[in-house]
């Protein structure tokens with residue numbers, strides 16, 4: 001590790017302050033390595049691999065001590081899908097050919113504002129098995145989006161240790177890669193007027209084009225979500241930037257889009273250099289390509305920068321409904 005990188009890490013650690021427990025790099029590695037293991041078979045929708053991923057995420061939520069959604073028997077939020085239509089889970093027997101899917105969702109109830117919600121999310125599916133390249137056919141999805149799910153799991157742990165004023169929901173969506181069906185169903189089940197903000201986390205496994213200790217926010221100009229986050233990091237080495245790839249329309253290409261269309265300040269935090277990432281949607285999106293320390297630093301920065309929103313001090317402006 002270079003002296004310059006070491007100094008940047010020390011500056012970030014110091015400036016984030018004692019209020020933020022630094023994210024454990026070993027835990028980052030453990031969680032991503034599990035989700036992106038060959039045994040998960042690329043976490044394709046409707047496959048045994050994605051079922052294994054779900055069971056792992058549920059076990060992490062259980063260990064953290066998250067609550068389940070009101071009335072739910074487990075962390076699974078089930079629904080049914082046929083073609084490109086989604087239905088409540090009890091429609092499975094009524095819609096011939098419908099298949100079962102589920103998100104994995106847990107929460108920490110807010111102490112003083114339990115009816116106001118802050119969401120941290122990512123998607124746990126990926127694209128499964130591809131045509132073999134050098135004998136490898138598994139699209140492991142380490143960056144996309146095992147890195148984001150790792151952040152959701154570790155942020156749940158952080159806020160369990162730092163109890164929130166607003167209710168915090170931790171949502172791991174399914175079927176993002178085939179059309180965002182998990183987040184579409186979730187958006188039907190939550191009152192968007194109660195959602196204060198959504199932190200969707202997508203592909204944070206590598207340095208952004210702005211270098212270490214940085215990430216970008218999609219739809220930065222659509223609310224004051226980004227400026228609030230940056231203000232909470234004032235004096236630190238970490239910087240949030242507007243999306244540098246507007247031509248890619250990333251604001252509408254991830255799971256934040258469904259709630260954003262309903263007016264929620266729902267944004268995606270990412271570092272992907274999407275214009276030149278040759279590992280994207282390939283069999284080479286493996287854990288060896290990721291920077292674990294950079295991921296840990298980003299998770300720590302999200303924990304701190306979201307603090308005033310979770311505590312009820314700040315409320316981001318709403319996004320224009322579509």
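What follows draws every value from the coordinates through simple rules; no lab data is involved. Keep in mind that what you see is a predicted model, and the values were worked out from it rather than measured. Here the Cβ is made from the backbone with ideal geometry for all residues, glycine too, and neighbour counts use every protein chain on show.
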Inset, instruction - Give me a count of the residues in segment 204-216 that are more than 14 Å from residue 305 (Cα to Cα), outside any loop (DSSP other than H, G, I, E, B) and without any contact (Cβ under 8 Å) to a residue 60 or more places away in the chain. - result: 1
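I want to confirm something. Restricting to segment 196-216 and keeping residues that are closer than 19 Å to residue 169 by Cβ and in contact with a helix residue (DSSP H, G or I) (Cβ under 6 Å, 6 or more places away or on another chain), which single residue is surrounded by the most Cβ atoms within 10 Å (Cβ to Cβ)? Reasoning before the result, please.
As a first pass, look at segment 196-216 and keep what is closer than 19 Å to residue 169 by Cβ: 196-202.
Subsequent filtering for residues that are in contact with a helix residue (DSSP H, G or I) (Cβ under 6 Å, 6 or more places away or on another chain) retains 197-198, 201-202.
Details: 197: 25, 198: 29, 201: 27, 202: 25.
The qualifying residue surrounded by the most Cβ atoms within 10 Å (Cβ to Cβ) is 198.
So which residues in segment 182-203 are part of a loop (DSSP other than H, G, I, E, B) and either within 27 Å of residue 83 (Cβ to Cβ) or in contact with a strand residue (DSSP E or B) (Cβ under 8 Å, 6 or more places away or on another chain) (or both), if there are any at all? Before the answer, list the steps.
First, the residues of segment 182-203 that are part of a loop (DSSP other than H, G, I, E, B): 190-191, 202-203.
The answer is 190, 202, 203.
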Inset, instruction - Considering only residues that are outside any strand (DSSP E or B) and without any contact (Cβ under 8 Å) to a residue 40 or more places away in the chain, look in segment 94-123 and name the one that is surrounded by the most Cβ atoms within 10 Å (Cβ to Cβ). - result: 98
Inset, instruction - Looking only at segment 124-137, count how many residues are part of a strand (DSSP E or B) and more than 22 Å from the chain's Cα centre (by Cα). - result: 7
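Tell me which residues, restricted to segment 303-317, are crowded, with 24+ Cβ neighbours inside 10 Å and part of a helix (DSSP H, G or I).
Of all residues in segment 303-317, those crowded, with 24+ Cβ neighbours inside 10 Å come to 303, 305-306, 309-310.
Within segment 303-317, 303, 305, 309, 310 meet the criteria.
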Inset, instruction - Give the residue that is farthest from the chain's Cα centre (by Cα), with candidates limited to residues of segment 217-262 that are crowded, with 19+ Cβ neighbours inside 10 Å, in a loop (DSSP other than H, G, I, E, B) and without any contact (Cβ under 8 Å) to a residue 60 or more places away in the chain. - result: 243
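Inside segment 263-282, can you point out the residues that are closer than 20 Å to residue 168 by Cα, more than 12 Å from the chain's Cα centre (by Cα) and buried (at least 18 other Cβ atoms within 10 Å of the Cβ)?
At the first step, the residues of segment 263-282 found to be closer than 20 Å to residue 168 by Cα are 263-269.
Retained after the next criterion (residues that are more than 12 Å from the chain's Cα centre (by Cα)): 263-265.
Once the filter is applied, which keeps residues that are closer than 20 Å to residue 168 by Cα, more than 12 Å from the chain's Cα centre (by Cα) and buried (at least 18 other Cβ atoms within 10 Å of the Cβ), segment 263-282 yields 264, 265.
Quick check on segment 160-181: of everything there that is assigned to a helix (DSSP H, G or I) and surrounded by fewer than 23 Cβ atoms within 10 Å (Cβ to Cβ), which residue is nearest to the chain's Cα centre (by Cα)? Don't jump to the end; show me each part of the working.
Filtering segment 160-181 down to residues assigned to a helix (DSSP H, G or I) leaves 160-161, 181.
Keeping just the survivors that are surrounded by fewer than 23 Cβ atoms within 10 Å (Cβ to Cβ) gives 160-161.
Details: 160: 17, 161: 19 Å.
Among those residues, the one meeting the criterion is 160.
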Inset, instruction - Scan segment 47-63 for residues that are closer than 26 Å to residue 160 by Cβ and without any contact (Cβ under 8 Å) to a residue 60 or more places away in the chain and jot them down. - result: 51, 52, 55, 56, 58, 59, 62, 63
